[in-house]
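Here is the structure we will look at, set down as structure tokens.
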Amino acid sequence: MKIGFIGLGIMGNFMALNLLKNDVMLNVYNRTKEKAKEHIKKGAIFLDSPKEVAKKSDIVMLMLSDSNAVSNIMDGNDGLLEGLGGEKIIINMSTIEPDYSAMLYKKIKIKSPSSMFLEAPVIGSKIPAKEGTLIILAAGDKNAYDLSTAYFNMMGKRVIYLGDIPKASYLKIINNQIMGITMGALAEGLSLSKKIGLDDNIVYDIVNSGAFANPMFQLKGKNIIDNNYEANFPYKHMQKDLDFAVKLSGEFKVFSPLTSAINNSYILGYDKFKDEDMCAIYKALNFE
Ligand code: NAP
């Protein structure tokens, strides 16, 4: 099988490298070609358009920022849809709106009825992407899932099939809703302790020793104390996902005041911090 991989950002870069480590025959495409240097060195073939990737691959995986990026790759004369034909599998691993994912499924079936589609958003950030320990949530054509599981296992430690689209998108958004609120809690606590004048390192140690210690508090807490905001999970993507959670809560008539509050807090610092890590919410809350 030939695999195509489109989108070599923070996550896609390592996911594609993990496929190459497993000797997968890989076609790659990225809007910014320089990001494919390492992949080409390791045997990947860079193709000039998403259409070419679709034509020359059996399975095409997308790992792009948002639905705008996905539509840029799918549509147009050189878009992926133009390269479909036969029994191809398209897998969108980017986190996008559930409605958009359902629409994508229909669009692919109309263009090429024998093609199959999966949404497969991931849980885990830059380090799990690098280490091949992502959690992959899949929904869509079951045959496509069965044929793709071996490749998912090269990138993740856990893969789960959830049924129809957009169930995987729903679960991914709920995961990030909880993560965003939790991140906000840590940032608010550290802001207050700083103002009071408590020792950051003692606060960090105690918070990470109690019942709600978690890997995210350990990583992001340390980064905030060290003033390190280099993006692992970009701020703009966290805000995008919180926006999805707010919209879903409205659609399903669920009272979610914390989600709205943390989303608004992310919006507050959006222009300044969008390309930094999501833990820059600490700086937004402190009006830095
Ligand atoms: P990223 O570093 O911002 O990379 C985004 C990718 O999308 C790049 O390949 C970029 O191409 C491409 N892209 C953006 N706009 C485009 C456009 N208009 N047309 C064509 N290509 C475009 O993002 P990431 O952190 O890898 O995240 C990718 C997806 O995974 C997002 O949906 C995110 O929410 C989700 N996710 C991220 C993490 C994380 O920790 N980072 C964890 C789980 C899920 P260029 O290189 O040319 O800019």
| message | Tell me yes or no: at least one residue of region 150-158 is in the same structural domain as residue 14 (by TED's automatic domain parsing), in contact with a Ser or Thr (Cβ under 6 Å, 6 or more places away or on another chain) and among the basic types (Lys, Arg). | response | yes
| task | Say whether the condition of being under 21 Å from residue 176 (Cβ atoms), outside the structural domain of residue 95 (by TED's automatic domain parsing), within 15 Å of the ligand (Cβ to nearest atom) and under 22 Å from the mean Cα position of the chain (by Cα) is met by at least one residue in region 191-214. | result | no
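Conditions tested, residue by residue: (1) farther than 26 Å from residue 66 by Cα; (2) open to solvent by 70 Å² or more (accessible area, probe 1.4 Å); (3) part of a loop (DSSP other than H, G, I, E, B).
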| position | (1), (2), (3) |
| --- | --- |
| 210 | yes, no, yes |
| 216 | no, no, no |
| 220 | no, no, no |
| 227 | yes, yes, yes |
| 232 | no, no, yes |
| Residue list for region 129-145, filter: within 16 Å of the ligand (Cβ to nearest atom) and charged (D, E, K, R) | 130, 131
| request: Name the single residue, out of those in region 223-258 being in contact with a Ser or Thr (Cβ under 6 Å, 6 or more places away or on another chain) and more than 19 Å from residue 126 (Cβ to Cβ), that is nearest to the ligand (Cβ to nearest atom). | output: 245
| query | Just a yes or no: is a residue in region 68-77 more than 13 Å from the ligand (Cβ to nearest atom) and either within 30 Å of residue 215 (Cα to Cα) or open to solvent by less than 40 Å² (accessible area, probe 1.4 Å) (or both)? | reply | no
| request: For residue 140, work out the one condition from (1) of a type outside the set (Ser, Thr, Tyr); (2) surrounded by fewer than 17 Cβ atoms within 10 Å (Cβ to Cβ); (3) under 23 Å from residue 54 (Cα atoms) it doesn't fulfil. | output: (2)
| message | Among the listed residues 262, 281, 206, 224, identify the single one that is of a type outside the set (D, E, K, R), farther than 26 Å from residue 134 by Cα and modelled with pLDDT of 95 or more. | response | 206
| task | Please enumerate the residues belonging to region 268-287 that are over 19 Å from the mean Cα position of the chain (by Cα) and in contact (Cβ under 8 Å) with a residue 12 or more places away in the chain. | result | 268, 269, 272, 282, 283, 284, 285, 286
| Extreme residue, least open to solvent (accessible area, probe 1.4 Å), among residues of region 94-135 that are without any contact (Cβ under 8 Å) to a residue 24 or more places away in the chain and more than 24 Å from residue 19 (Cβ to Cβ) | 109
| request: Taking residue 2 as the residue in question, decide whether it is within 19 Å of residue 120 (Cα to Cα) and either away from the ligand (no atom under 15 Å from the Cβ) or assigned by TED's automatic domain parsing to the domain that holds residue 156 (or both). | output: yes
| Has region 55-76 got any residue that is over 26 Å from residue 176 (Cβ atoms), touching a Ser or Thr at 6+ places or on another chain (Cβ under 7 Å), assigned by TED's automatic domain parsing to the domain that holds residue 109 and charged (D, E, K, R)? | no
| request: Taking only region 32-62 into account, find how many residues are open to solvent by 30 Å² or more (accessible area, probe 1.4 Å) and within 10 Å of the ligand (Cβ to nearest atom). | output: 4
| Among 253, 247, 240, 283, which is the only one that is more than 14 Å from residue 176 (Cα to Cα) and assigned to a helix (DSSP H, G or I)? | 283
| task | Could you please find all residues in region 268-277 being open to solvent by less than 80 Å² (accessible area, probe 1.4 Å) and not charged (D, E, K, R)? | result | 269, 270, 273
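The values are calculated or read from the model by the stated rules, or taken from the named source; none is laboratory data. This one's a predicted model, so the numbers in the text were calculated from it and none came from an experiment. Using ideal geometry, Cβ is built from the backbone for each residue, glycine included, and neighbour counts are taken over all protein chains shown. Only protein heavy atoms, including side chains, enter the accessible area calculation; ligands, DNA and RNA are left aside. Shrake-Rupley method; radii C 1.70, N 1.55, O 1.52, S 1.80 Å.
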